[in-house]
1. Nearest 0.05, what FRET efficiency do E143 and D383 give at R0 = 25 Å with Cβ-Cβ as r?
2. Is any residue of segment 196-223 close enough, with backbone N under 16 Å, to a label point placed 7 angstrom from the Cα of A273 along the Cα-Cβ axis, and if so, which?
3. Please give the FRET efficiency for S9 paired with A193, using the beta carbon to beta carbon distance and R0 = 51 Å, rounded to the nearest 0.05.
4. Can you compute the FRET efficiency between V209 and L63 using 1/(1 + (r/R0)^6), with r the Cβ-Cβ distance and R0 = 35 Å? Round to the nearest 0.05.
5. Quick one, what does Rg over Rh come out to for segment 177-288 if you take C-alpha atoms and the Kirkwood Rh?
6. What's the whole-number percent of alpha carbon pairs in segment 101-200 lying beyond 23 angstrom?
7. Are there any GluC sites (Glu not before Pro) in segment 144-205 that are in a DSSP loop and have at most 14 other Cβ atoms within 10 Å? List them by number.
8. Pick out, from F352, S134, I252, the residue whose Cα sits farthest towards the positive end of the charge dipole of the chain, with +1 on the Cβ of Lys and Arg and -1 on the Cβ of Asp and Glu.
Amino acid sequence: MPGDDSLLSYMVTIRRALHQTPELAFQEKKTAQRIIEELRQLQIPCEYSGPGSGVVAKIPATLNDAPTIALRAEMDALPGEENTHLAFSSQEKGKMHACGHDAHIAMVLGAARILHEKPAACNVLLIFQPAEESGGGARKIIETGCLENVRAIFAGHVTHHFRVGEIMIGHGVITAQSDRFEIIIQGKGGHGARPHEACDAVIIAASLVNTIQTLVSREVDPLHPSVITIGEMQAGSAANVIAEHAVLRGSIRTTQKVTREHIHKGLKRMTSAYAQLHDAKIELLVVPGYPPVVNSDREVELAIQAASKVIGKNGVQKMEYPSMGSEDFSFYLDKLPGCYVRFGARQEDQPFIPLHSPTFDIDESMMLTGAAYFAQLAYDAGDFYSNDSRP
């Protein structure tokens, strides 16, 4: 590996520049251009089809007929106002890298720098994809056909749940299935002083917010993790006007197919019952989201092997339970084997800050761990897949 100080300085510079210019899903033009510039400096050829697409590059192996693995990072940021007060805070109003994708890019570029200076015995495809947060940009990458001859794909995510120098690696289900729903309530408006003449959409919406939660608390097996969150409610126009229209928007997170189906049916049952109860019209729309991320066992073995070399066996943390978050890395894993890990991003004495928080930040020294891990995957992959019969 290049000198740690030099490599870290390289990644910090990239990460901070990206942090200042966050771009939302499918708008990652400046981000892509910075990535392309860094790849050109490393003399690594890449392909880019313009805004809305990803940047894909390939580092050739030292041997002919070598297997190919892919390393993936996400380019998009989140909507929201940053409140970190960092010297390199977002300069784009209403946008920030609250999920650490700037660090993910820097780590994969750091791995590219390591592999450029000391190539591996396998080919390494570098994928910088658009729109992980919203839009399933992984599908854009898959549509290009660039994964056709790839043996396996790897990615990771920064988190405060683990400390710097730790990597969480788990078998099986890593993140939940996500679905979104919208409930549109049509009542009858009226004067606030004469509720008997109206059908109050606010009352219906408020009752539904509470009742829907019983799908999880009273109808789902407690051993099957599930979450229903109603994050948006729109209704009303004035304090003395009974609203005739209301909208609820929320998300469903599940890890079991049977649980997901039950919740979908439960939402239909409850909205239909409330429409009849209040003599209102209620429409339910459910939009399927990202499938669960399910790591493949063989690639978990490779990940543990590589991580153990980088941070030692004590630094490799086991997954106690799946995250209820979602990830479009799942679309890749529907096509080929792979492994998704989590990188510890805070020191022992630092406060815990959740992802997507306006104050989210990382201890930047953790990027050395991530870059070294990705590079080590490439170094180990040649021998690991040498006797593998997969194409």
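We did not get these values from a lab; they are worked out from the coordinates using the rules stated. Fair warning: this is a prediction, and the values are worked out from it, not measured in the lab. Cβ: placed from backbone, ideal geometry, glycine included. Neighbour counts: every protein chain shown.
1. Working: r = 32 Å, r/R0 = 1.28.
Approximately 0.20, to the nearest 0.05.
2. Correct set: 204-220.
3. Numbers: r = 68 Å, r/R0 = 1.33.
Efficiency, rounded to the nearest 0.05: 0.15.
4. Values: r = 59 Å, r/R0 = 1.70.
So, using R0 = 35 Å, E works out to roughly 0.05.
5. Working: Rg = 15.0 Å, Rh = 14.5 Å.
Checking Rg against Rh, the ratio lands at 1.03.
6. Numbers: 2699 of 4950 pairs.
Across segment 101-200, Cα pairs with separations above 23 Å total 55 percent.
7. Working: sites: E148, E166, E182, E197; in loops: E148, E166.
Passing sites in segment 144-205 are E148.
8. I252
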